[in-house]
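K.L.:
Below is one structure. I have some questions about it.
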Amino acid sequence: MRSHLLNDRTAGSYRRTVTAGVEHIAARLAHADRPFTGIAPPALAPVVDAVDLDLPLGDADAALAELDRLYLRDAVYFHHPRYLAHLNCPVVIPAVLGEAVLSAINSSLDTWDQSAGATLIERRLVDWTAARIGLGPAADGVFTSGGTQSNLHALLLAREEACDGVRKQHGADLRTAEILPRLRVLASAHGHFSVRKAASLLGLGEEAVVEVPCDAKRRMRPAALAAALAELQRDGLVPMAVVATAGTTDFGSVDPLAQVAGLCAGYGVWLHVDAAYGCGLLVSGRRRHLLAGIERADSVTVDFHKSFFQPVSSSAVLVRDRATLRHATYHADYLNPERMAAEQIPNQVDKSLQTTRRFDALKLWLTLRVMGADGVGSLFDEVCDLAGAGWRLLDEDPRFEVVVRPQLSTLVFRYVPAAAAGTAAPGPVDPALVDAANLHARERLAASGAAMVAGTKVDGRHYLKFTLLNPETTTEDLAAVLDLIAAHAADHTGESLVPDVPAASETSPVPAAPAVTAVPAR
């Protein structure tokens, strides 16, 4: 069994095994003619359940062949240009190289004596990101597992700062448990659900989140925020933080950050900006102005695995004042004793909610060293341009209605039956019929595997969503998918206006699993 350990004596086996795996994946990618096979859980679950994990195959090639049946054949391939569903990006090759390196070396980013140069690389990238945001010379941060953890981390710091503020005003002996019921978090009606989750985990309860109304473009209304802050003040409650969003999940909307920052400054409230999606604007050549005001935030969430084209996971939380990170600091004699801080030994665990932590920063490091920030930004600008073209397609197509013109790269829309579009006898269309038609279209499209789109609700009604993060996707792809959606929806409603869609696009057989052998260069 020692022959499976990666070390100096097994380097050759490592090279052969990993090369075989890379060749297998390359073959799958080269032959993926659609983003998904359409397989349903009842079909795949018995295949996985039948595997006897107590009976090893003993051979990597055999394990890869089995994995093909269990996973690779039916995986959802985000690199395919007709994957248009969630905030999943195709990944750039330098980042995948970084993933291979960090997995093999397996550094843990909690302490210096487990990571050495990896710690310095992460710290350099944190400084680079903070500078791009404009947070100032006292800024700091740490990489995290994703936007949910980054938001939780930021709101933990905000909670502790708010509690300290209450104690300064009303008595240093106040216990945290006495203060928590008075704390409130203000967030956009279209903010991420992780804000409510964080409030619950932080002992505030979901009811501590105050929903701030949005305008027609799905952006937080400053006037509504001002009214909410004033009401909290009148009621003797403590606004712990305002969470503004730079790129909402559904609409890609960017809140008016400068105005929100001004209100937060006036009330002395912590401003957190959730830029998990919109962080790509930090390297955009043409849209950086959309983030005006983010430099006034107290904390910022960024997800490089969304708009920087990085593999999951690669995220960070940044703070304006590094001193606030002390609220996440705990010392253990066996790991990071207090004397190490006095000796200025760089232990990242002093800033993190996690202890053991992957060297995910390496992926971004290699991406920037190979492609450059401008290269990444140009890719993000491409998908934002594509969203603009997609909006024009939808706006001009009587079969669909689109909710809002995008600031980033998402489009929320729905199919409208012929009567609603004015192509049949006039009259009201049952909203339930419209909902059912769009739900059916999404379900049938996924089952076909021809394309993947997301769904959401707007004002209680069902809509579809394109999330565009692939620069390889074209307007022709969007038009083709819209035709497929219309065909499925019209079929459900019994309309005769069904586009002529080639059957091959939905009925082509699932490609056979490639053999686990070398693949010739193309």
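The values are calculated or read from the model by the stated rules, or taken from the named source; none is laboratory data. Note that the coordinates shown come from a computational prediction; the quantities given were computed from them, not determined experimentally. Here the Cβ positions follow ideal geometry from the backbone for every residue, glycine too, while neighbour counts run over all protein chains shown. All accessible areas refer to the heavy atoms of the entire protein, side chains included, with ligands and DNA or RNA removed. Shrake-Rupley method; radii C 1.70, N 1.55, O 1.52, S 1.80 Å.
K.L.:
Hey, which of the strands (runs of 3 or more DSSP E) in the stretch 173-273, taking only ones fully inside, have at least 2 residues that are open to solvent by 30 Å² or more (accessible area, probe 1.4 Å)? Show your work before the answer.
P.N.:
On the way: elements: 183-188, 209-212, 238-245.
Passing ranges, in order: 209-212.
K.L.:
Next up: Which of the residues belonging to the stretch 2-20 are closer than 17 Å to A63 by Cβ, in a helix (DSSP H, G or I) and open to solvent by less than 100 Å² (accessible area, probe 1.4 Å)?
P.N.:
Within the stretch 2-20, S3, T10, S13, Y14, T17, V18, T19, A20 qualify.
K.L.:
Within the stretch 92-101, can one find any residue that is more than 19 Å from the chain's Cα centre (by Cα) and not in a helix (DSSP H, G or I)?
P.N.:
Checking the stretch 92-101: not a single residue is more than 19 Å from the chain's Cα centre (by Cα) and not in a helix (DSSP H, G or I).
K.L.:
Additional query: So in the stretch 131-157, with the set limited to residues that are in contact with an Asp or Glu (Cβ under 7 Å, 6 or more places away or on another chain) and either open to solvent by 30 Å² or more (accessible area, probe 1.4 Å) or part of a helix (DSSP H, G or I) (or both), which one is nearest to A323 (Cα to Cα)?
P.N.:
A138
K.L.:
In the stretch 433-452, is there at least one residue being without any contact (Cβ under 8 Å) to a residue 60 or more places away in the chain, of a type outside the set (D, E, K, R) and under 30 Å from S378 (Cα atoms)?
P.N.:
No: zero hits.
K.L.:
If you take the residues in the stretch 37-51 that are outside any helix (DSSP H, G or I) and open to solvent by 30 Å² or more (accessible area, probe 1.4 Å), which one is nearest to S448 (Cα to Cα)?
P.N.:
That would be I39.
K.L.:
Here is a follow-up. Sort out which residues of the stretch 372-398 are open to solvent by less than 60 Å² (accessible area, probe 1.4 Å) and either modelled with pLDDT under 95 or outside any helix (DSSP H, G or I) (or both), and write them in order of number.
P.N.:
G372, D397
K.L.:
Could you look through the stretch 208-228, keep only residues that are within 25 Å of the chain's Cα centre (by Cα) and free of Cβ contacts under 8 Å to residues at least 12 places away in the same chain, and pick out the one that is farthest from V403 (Cα to Cα)?
P.N.:
R221
K.L.:
Please tell me if L318 is in a helix (DSSP H, G or I) and touching a residue at least 12 places away in the same chain (Cβ under 8 Å).
P.N.:
no
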